[in-house]
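The values are calculated or read from the model by the stated rules, or taken from the named source; none is laboratory data. For clarity, every value in this text was computed on a predicted model and none was experimentally measured. We place every Cβ from the backbone using ideal geometry, glycine too, and count neighbours over all the protein chains shown. With ligands, DNA and RNA removed, areas are computed over all heavy atoms of the protein, side chains included. Shrake-Rupley method; radii C 1.70, N 1.55, O 1.52, S 1.80 Å.
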Amino acid sequence: MVVTSQLRTGSVFKVGNDALVVQKILGQKTGRAGTVTRFRVKNIVTGQTSDVACDSGEKFESVDLDIFQMKLSYIDGETYVFMEQETFEQYELTKDDLGDNAGYISADDDYPIEITFYDGKPVGVTPPILVERTITYCEPGVKGDTSGKTFKPATLDTGIEVAVPLFCEIGTRIKLDTRDGTFAERVK
Amino acid sequence: MDIDILCKVVDNFGDIGVAYRLARSLSELGNPPRLRLVVDDFASFAALDPEVDASAPSQTLHGWELYRWGGAGAARAKEAFLAKRPRIVIECFACGRPDWLEDILFDPLVEEPSLIVDLEHLTAEPYSVELHRMPSLTRSSLVRKAMFLPGFSAGTGGLILDGSFERARELSSSEAGRLALRRRALARLGPAIGGTAGAEAIDLETAFWVPVFSYERDYTRVVADLAAFARSRGTLALAAAGRSAGCFRRAWSEAGEPFPLVDLPFLPQEAWDEVLAACDFSIVRGEDSWSRAALAGRPFLWQAYPQEGKHQLVKVRAFLDRLRPHFGSEGSASGAAFAALRDLYLAFNDRDRDGADTRGGESLLPVLGLYPELLSGFGEFSASLGGARDLGADLVTFLREIW
């Protein structure tokens with residue numbers, strides 16, 4: 001069993017006989033009774049996507065999955081092509097399949113990525129918990145502010161926008177926590 | 001339509017208060033649904049409704065079947081739910097489901113559909129509109145689930161408008177009606193109230209009534225401001241039974257008992273509703289009393305449940321945002337009343353935890369000094385809610401649409 005609070009982008013779980021993959025976490029709200037999370041989920045078999053909201057205590061059947069380590073070979077428009085490093089076999093996933101994780105990975109990356117297979121078919125990816133990305137745009141850095149407590153928006157080399165501390169500059173290499181997309185640290 | 005309402009009592013009487021009010025509201029609808037209630041704390045329920053037998057394993061109450069969540073009484077509940085399977089289940093505040101009900105709902109040998117509705121907490125935050133009526137999931141495709149959110153704005157499920165509260169509100173809209181409500185409340189307190197220190201110096205029926213039902217804190221500042229206010233207007237404080245009563249009385253004693261203070265016994269829900277409708281200014285907490293105070297149209301201070309990282313302030317600001325349009329521009333007296341109220345709300349709720357030593361920088365006196373403007377703003381806000389949807393009726397409509 002897996003409970004709602006354990007679900008992340010790329011998690012796969014069952015509703016009846018259908019396997020659903022979490023494509024995006026659309027938002028969370030916290031109340032006295034816990035957290036309600038809004039997900040975009042995709043039915044792996046039918047391909048149908050839907051937005052749902054789940055309270056933190058709901059339990060789901062987990063799914064038997066095969067997981068392989070691969071590298072992102074290249075991106076062709078909306079298609080992400082991954083290569084198995086021993087057999088050189090290639091597998092394609094769409095940007096939608098990757099959901100939020102598409103913003104964390106690039107063909108320039110050197111590290112392997114976990115590709116999740118269900119019934120012989122790739123259905124999602126799990127990047128490492130910490131990934132390195134480069135800031136391509138942000139407002140100028142504030143010298144002397146190294147507290148890391150005040151944030152500003154920054155665009156990364158993958159095109160996504162994240163919040164970074166004021167001391168960051170264009171070109172700064174940062175580490176991101178892929179579980180929630182938050183800034184972890186500046187790469188030294 | 002058959003509806004089963006689940007309630008776990010987490011914070012004294014707020015959770016059961018909402019569940020009980022919802023049950024009453026649903027039963028007042030035309031062609032009302034048949035209700036079964038599963039509650040984990042009959043004693044709290046009995047405090048709100050004296051007809052509840054806190055020791056019974058199960059019982060019939062107002063035409064509803066009432067069962068215990070766990071313990072020995074749960075066997076009877078399971079038997080009843082196996083005999084008549086649950087079709088529509090309302091989970092109050094994501095309270096989850098007892099194991100025996102989980103087994104029934106997700107029995108792999110049964111192919112009957114059922115529907116669970118997660119009735120969430122009241123909030124003024126915009127997400128109440130986003131989440132309201134959103135589909136949810138369970139592990140079975142036969143057990144569908146959906147979200148239902150109360151709220152203060154269109155696009156939410158609204159607030160519960162039960163007949164008893166609506167009658168009290170209607171009565172309180174005239175001075176004569178308000179006096180009648182006050183006489184009834186005073187009669188409930190009995191002759192002992194006459195012996196309360198300072199009571200002889202004011203007219204209890206027409207005094208400025210301030211019921212206090214909040215969490216533990218140091219009430220020194222609140223009492224000092226009420227004392228200053230009481231010098232020009234006869235004031236009666238009513239300490240509701242529960243967490244704030246002792247702290248409030250301590251501060252009042254230390255201040256030299258500057259106005260009459262009455263300790264209210266624990267009141268049944270309908271009697272407490274009447275106090276809120278008849279008062280002048282209330283200090284309320286949680287959800288059920290918050291929603292009643294908002295509907296009553298009398299000025300009030302809301303104390304939100306403390307959350308990690310002072311997240312309660314987000315909820316308080318969201319509520320203030322809902323109130324703001326009902327007050328005038330910044331330069332006006334009405335705008336000044338709102339500014340004082342905003343400062344009071346934020347200072348009173350700025351805390352990490354509740355305790356007898358919890359202090360804040362709240363100032364009640366500037367708010368009370370602009371009472372007419374405050375009354376007008378809250379009255380307008382209440383009127384805006386009067387046109388809101390009745391949560392019970394809206395819930396049944398929703399169930400008919402998706403069932």
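Values for this structure:
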quantity: Accessible area expressed per residue, the protein assembly as shown, with surrounding protein chains retained (probe 1.4 Å, Å²); calculated: 42
quantity: Mean projected area in nm² (Cα convex hull; one quarter of hull surface) for region A:66-126; calculated: 3.8
quantity: Cα pair distances in region A:130-186, grouped into 5 Å bins until the bin that holds the longest one, percent each; calculated: 4, 22, 36, 26, 9, 2
quantity: Low-density loop cleavage sites - trypsin sites (Lys or Arg not before Pro) in region A:71-167, where at most 10 other Cβ are within 10 Å (DSSP); calculated: A:143, A:149
quantity: Inter-part distance where region A:120-134 and region B:316-330 are each reduced to a Cα centre, Å; calculated: 44
quantity: Carbon + sulfur, % of accessible area of the protein assembly as shown - ligands and nucleic acids excluded, 1.4 Å; calculated: 49
quantity: Long-range amide H partners of residue B:145 with built H, under 5 Å; calculated: B:116, B:136, B:138
quantity: Cα-based shape type of the protein assembly as shown, given that a ≥ b ≥ c are square roots of the gyration tensor eigenvalues and the cut on a/c is 1.5; calculated: oblate
quantity: Helix B:391-402 axis, angle to chain B major axis (alpha carbon atoms, nearest 10°); calculated: 20
quantity: Percent of beta bridges antiparallel (DSSP, chain B, rounded to nearest 5); calculated: 15
quantity: Alpha carbon Rg of chain B, scaled by the compact-globule rule 2.2 N^0.38 Å; calculated: 1.02
quantity: Amide hydrogen neighbours beyond the local backbone of residue B:235, cut-off 5 Å, H modeled; calculated: B:208
quantity: Overall dimensions of region A:2-62 as given by Cα atoms, namely Rg and Dmax in Å; calculated: 11.1, 36
quantity: In degrees, nearest ten, helix B:312-323 long axis to first principal axis of chain B (Cα); calculated: 80
quantity: Whole-Å distance, taken between Cα centres, linking region B:336-389 and region B:1-52; calculated: 30
quantity: Total charge dipole magnitude, the protein assembly as shown, about the Cα centre, Cβ charges on Lys, Arg, Asp, Glu only, Debye to nearest 20; calculated: 1440
quantity: Helix B:245-254 axis, angle to chain B major axis (alpha carbon atoms, nearest 10°); calculated: 10
quantity: Euclidean distance of C-alpha centroids, region A:4-52 and region B:130-187, integer Å; calculated: 30
quantity: Of A:95/A:188; B:145/B:310; A:152/A:175; A:29/B:84, those spanning more than 24 Å from alpha-carbon to alpha-carbon; calculated: A:95/A:188; B:145/B:310; A:29/B:84
quantity: Pairwise burial A:B, computed as accessible area of each alone minus the pair, summed, 1.4 Å, Å²; calculated: 2100
quantity: Amide proton proximity set for residue B:305, modelled H, under 5 Å, gap of 5+; calculated: B:286
quantity: Residue-count net charge about residue B:28 - beta-carbon cut-off 12 Å; Lys, Arg +1, Asp, Glu -1; calculated: 0
quantity: Accessible-area value, residue A:129, 1.4 Å probe, nucleic acids and ligands omitted, Å²; calculated: 90
